[in-house]
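The values are calculated or read from the model by the stated rules, or taken from the named source; none is laboratory data. Small disclaimer: the values here were computed from a predicted structure and weren't measured. No Cβ is skipped: glycine too gets one built from the backbone with ideal geometry, and neighbour counts run over all protein chains shown.
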């Protein structure tokens, strides 16, 4: 009988921290902060290839901090396909990237 009482007390005490934690979260917003996303900054890049038909540009770019990408050469879709006709392969550009429909995308590109 003594073991049953001891077990009941241990179980009751074990559940107390969970009860206090649940009660202490009242009024706390658990949504991620919108300020935690890094702002898009211009990234230095060189145009390696332009595919106006596909709406893509291949860039040798510096790290893209807001997307967590290291420096590399990669093809990206371009938000404004028509803007590609204003650029040439080999040009140095400043590019702003964003994640659109789950894909890293060029949202703005300017000559340096």
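Output the number of residues of segment 46-57 satisfying the condition of being assigned to a strand (DSSP E or B) and closer than 14 Å to residue 107 by Cα.
2
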In segment 73-80, is there at least one residue being within 17 Å of the chain's Cα centre (by Cα) and without any contact (Cβ under 8 Å) to a residue 60 or more places away in the chain? yes
Just to be sure I understand, how many residues within segment 81-109 are free of Cβ contacts under 8 Å to residues at least 40 places away in the same chain, out of contact with any helix residue (DSSP H, G or I) (no Cβ under 9 Å at 6 or more places or on another chain) and farther than 11 Å from residue 57 by Cβ? 7
Of everything in segment 35-64, what is surrounded by fewer than 14 Cβ atoms within 10 Å (Cβ to Cβ), under 16 Å from the mean Cα position of the chain (by Cα) and at pLDDT 95 or above? Give them in sequence order. 63
Consider residue 108 carefully, then state whether it is within 23 Å of the chain's Cα centre (by Cα) and either at pLDDT 95 or above or crowded, with 16+ Cβ neighbours inside 10 Å (or both). yes
Scanning segment 65-95 for residues that are assigned to a helix (DSSP H, G or I) and within 20 Å of residue 55 (Cβ to Cβ) gives 67, 81, 82, 83, 84, 85, 86
